[in-house]
Amino acid sequence: MAGVKKNKGFTLIELSIVIVIIGLIVAGVVGGQNLVRQAKLRAVVSDFNKYVVAINAFKLEYGHLPGDMPNASDYWGASDGDGDGMLGENPTLEFEDLYSWNHLVLSEIIPGNYTGTVISGGVGYEEGINAPKASVTNSAFALAVSQVYTRNIANYLRLASPSAPHGYNLYGASLTAPEAYNIEVKVDDGLADTGRYSTVRAPSLGSGCVQNAWNAATPGNWILSDSTTIACTVYNWYGNKTF
């Protein structure tokens with residue numbers, strides 16, 4: 001019929017080209033996200049090392065661990081610890097771990113402005129306010145002494161997220177099992193429960209990260225098949241670890 005134009009549809013070749021382009025865009029976005037995440041994990045390792053160096057520098061200068069220092073009030077008017085070499089083990093001084101960041105700042109060993117006091121209204125930690133914020137989302141660094149494992153008494157630096165069921169402390173998960181494992185193999189022995197670094201399941205989770213419960217004497221093997229669940233907290237033991 002005169003004056004009627006036929007609508008020309010996409011050919012199979014054109015559709016294939018469009019699908020390939022979409023696939024490349026999706027792959028680029030996903031790949032970019034993975035690169036960003038890997039960069040954040042590298043920053044976590046760098047921060048672990050940086051803060052352990054700062055802790056040791058403080059102890060060398062003042063003869064005590066930050067937070068545990070019994071005469072911080074004489075230097076800066078800050079809260080005092082009890083000087084026994086362990087952070088937060090005494091119920092009356094359970095906030096020594098919070099004091100630690102405040103002491104490190106006041107001594108000008110690290111930058112920042114950490115309050116040294118608990119945040120009211122449930123969870124006591126707030127990243128960037130009274131503890132250093134980590135590169136991974138909703139996570140910070142905490143200093144404490146082991147009260148869980150029966151095999152040792154040692155101080156540690158922990159990466160975790162605020163966890164309301166555990167009051168003021170940071171015990172929530174920050175990493176997936178493969179992410180925690182990749183940190184372990186780069187900086188330690190690759191095992192969840194030995195060496196300078198160790199990894200456990202977050203207390204609030206019933207599964208994930210490692211096979212055994214978070215307070216087990218042996219965390220067990222990694223659950224590397226789960227690459228999506230944020231289930232792990234990572235510890236850097238900087239004290240006299242005995243296992």
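Please treat every number below as a calculation from the coordinates, not as lab data. All of these numbers come straight from a predicted model, not from anything done at the bench. Because the Cβ atoms are built from the backbone with ideal geometry, glycine has one as well, and the counts that use them run over all protein chains shown.
Compute the signed sum of charges (Lys and Arg +1, Asp and Glu -1) over the other residues within less than 12 Å, Cβ to Cβ, of GLN38. Neighbour charge sum, excluding GLN38 itself: +3. Local charge for TYR171 was computed over the other residues whose Cβ lies under 13 Å away, with Lys and Arg +1 and Asp and Glu -1, and equals +1. Counting only aspartates and glutamates at least 8 places from LYS133 when in the same chain, those with an alpha carbon closer than 13 Å to its own are ASP47. When we measure straight from the Cα of LYS59, which aspartates and glutamates land under 12 angstrom away, once same-chain ones fewer than 8 places off are left out? Once the sequence-local aspartates and glutamates are set aside, what remains near LYS59 is ASP68. Residue by residue, region 36-47 carries 3J(HN,Hα) couplings of 5, 5, 5, 5, 5, 5, 5, 5, 4, 4, 4, 5 Hz when phi is fed to the Karplus relation 6.51 cos²θ - 1.76 cosθ + 1.60 (θ = phi - 60°); x denotes Gly or Pro. Between ILE17 and LEU224, the C-beta separation translates, for a Förster distance of 41 Å, into a calculated FRET efficiency of about 0.60. Multiplying the residue separation of ASN56 and ILE119 by 0.36 nm and subtracting their alpha-carbon distance yields 20.0 nm. In plain terms, the chain from SER207 to SER73 could stretch by 43.9 nm, reckoned as 0.36 nm per residue minus the Cα-Cα distance. The Cβ shell under 15 Å around ASN49 holds other residues with a net charge of +2, Lys and Arg each +1, Asp and Glu each -1.
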